[in-house]
1. Take the Cα atoms of region 196-345, build their convex hull, and give its volume per residue in Å³.
2. Taking only protein heavy atoms and a 1.4 Å probe, what accessible area per residue, in Å², does region 290-414 have with all protein chains in place?
3. Would you work out the charge dipole size for the chain about its Cα centre, treating the Cβ of every Lys and Arg as +1 and the Cβ of every Asp and Glu as -1, and quote it to the nearest 20 debye?
4. Whole number in Å², please: accessible area per residue of region 65-169, 1.4 Å probe, ligands, DNA and RNA not counted.
5. If the cut-off is 29 Å between C-alpha atoms, which lysines fall inside it for Lys199, apart from same-chain ones fewer than 8 positions away?
6. If packing is taken as the average number of other Cβ atoms within 10 Å across a peptide's residues, how do 297-310, 198-211 rank, most packed first?
7. Beta carbons within 10 angstrom, averaged per residue: use that to sort the peptides 148-156, 122-130, highest first.
8. For region 106-191, what does the alpha-carbon gyration tensor say about shape, rounded, prolate or oblate, given a ≥ b ≥ c as the root eigenvalues, a/c under 1.5 as rounded, and a/b over b/c as prolate?
Amino acid sequence: MPSTTPRLPRRALPALAALLLALPVGCSGPGGARDAGAPTSRPPLAERVSADTSPALRAFYDQRLDWAPCDADADPADQDEPVLQCATLKVPLDYADPGGRTTDVPLARVPAADPGHRTGALLLNPGGPGISGITMARRWQGNQGPLRDHFDLVGFDPRAAGGTLPVHCLDDRTREQWTSTDDPAYDHGQVLADACQAKYADVLPYLGTRNTARDMDVLRGALGERKLDFFGLSYGTYLGALYAEEFPDRTGRLVLDGAVERSTDLMHLNGEQAVATEAAFRAYATGCAAEDDTCPLGSDPAAAPQRLADFLDGLKDHPLPARDGRTLTAALAWTGVLDALDDGRRNWPRLRAALDPALAHGEADELLKLADGTTGRDEDGHYDTAADAYAAIHCADAPLAPTAADLHVALADLAARAPLTSRHDTRVTLLDPDCRRWPYRSTEQPHTVTATGSAPILVIGGTDDPVTPYAWAQRMAAGLQHGVLLTREGDGHMSWDRSACVRDAVAAFLVDGVLPAAGTRCGSD
């Protein structure tokens, strides 16, 4: 759920694919008690202003949401799909000062298709960080299935993303250089930090995940829900986990797919991710050489991964020209290839179609298109703001200033465990994003989220997920006091759209409160 390295956009863009997921009809288990396992008390958190004791904050919880068609001219009678409804939630900028500045959170809602059996509202987060939840709700507008039938599907824009305190630090020209340069002296962290400080110094301290989790609780109250039901993908799993930590007694049914957990610092997590990516990279190259005698990587499966890495890295010295006058650098090529691998084996044909012209004929255009899809560049050369939001949120969540000794050890470990995919710039692979020069220093620290006193939480992990390694799901589920792990056997990032078994289990839990048995493992479709 994404520097010259392809790593920066990687967490954002794979989750974007989840916006296209269908909600197929799944089987539900027998009915369960709505509040089974729900706690009755919440441990005190000194840094939180309680809605129960602060009149200023209470007013936010009690606000009325004025839902209206997102398209003012939409006529429900003329629509093939239900009319998407929009509203705006008002929240404090600083929860320590709820009587001070406020900000608006855009919302979108798809009303339950079967109002007579409506369960409640289900909040959605597509990951990133930095991806708009409004887009996710819009994409799920025409889907069918038990979630669509029983829930109002509610998307919202997290802080720094979409319309909620959006950050757009780099102009298009600077972003072009930032994403494409192979210059090892280019200081990505400094360039981005300076630009964000110049434009957004007054809001950077309030863009972290914990504040977005607090916004979610205000939204829960404004929706009239006693408990929060939530479906988080990729980075959205960390958001859901922090919500459960902040408001354990208000958790309803939380599903966290493609777990991002923060029990250790971001540098070590990035190292673990690089190892998972290396496995996907090798699987693709080996499979190409083994299964097709026309593979441009040759016919030796053992040599194919090294040959692909050599080609990509060789673009530092021999970049390829594109028909539009642009240049395919090593940075852009690595970006496109590694992000294409995030979707697993089913995306291999698309990757092959982009790589073959570049490898065989020196044609850069298709590979450049892959990179542009990751970096958020459109055909006119304009960039979206996902990468800026990604950095602003991560740097608020996980300030990282490793010592020289720690970095040396981590680099040696990375070179040993992911020698191919990290070779473009091992330092930047570990420092993704590079928060060392970020102007705001958060008080957040890596820790295991236990969410003591929460309701049961369903955590889903794929055994060969190249973006959120399976070990992260295992650690998240084990750390949560009431975490339940559902395992999917297979590759690709996240599991919801890859397994009917997973979809059935999610529907059974969200609709009926029935959790999968401990140790349940699903196959991939």
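1. Convex hull volume per residue, Cα atoms: 206 Å³.
2. Per-residue accessible area for region 290-414 comes out at 44 Å².
3. Roughly 1360 debye, rounded to the nearest 20.
4. Solvent-accessible surface per residue comes out at 38 Å².
5. In chain and number order, the partners are Lys90.
6. Ranked from most to least packed, the peptides come out as 198-211, 297-310.
7. The peptides rank, most packed first, as 122-130, 148-156.
8. Prolate is the answer for region 106-191, as a/c is 1.5 or above and a/b outweighs b/c.
The values are calculated or read from the model by the stated rules, or taken from the named source; none is laboratory data. As the structure is a prediction and not an experimental result, all values here were calculated from the model. Note that we place each Cβ from the backbone using ideal geometry, even for glycine, and neighbour counts take in every protein chain shown. In case anyone asks, the SASA skips ligands and DNA or RNA and just uses the protein heavy atoms, side chains included. Shrake-Rupley method; radii C 1.70, N 1.55, O 1.52, S 1.80 Å.
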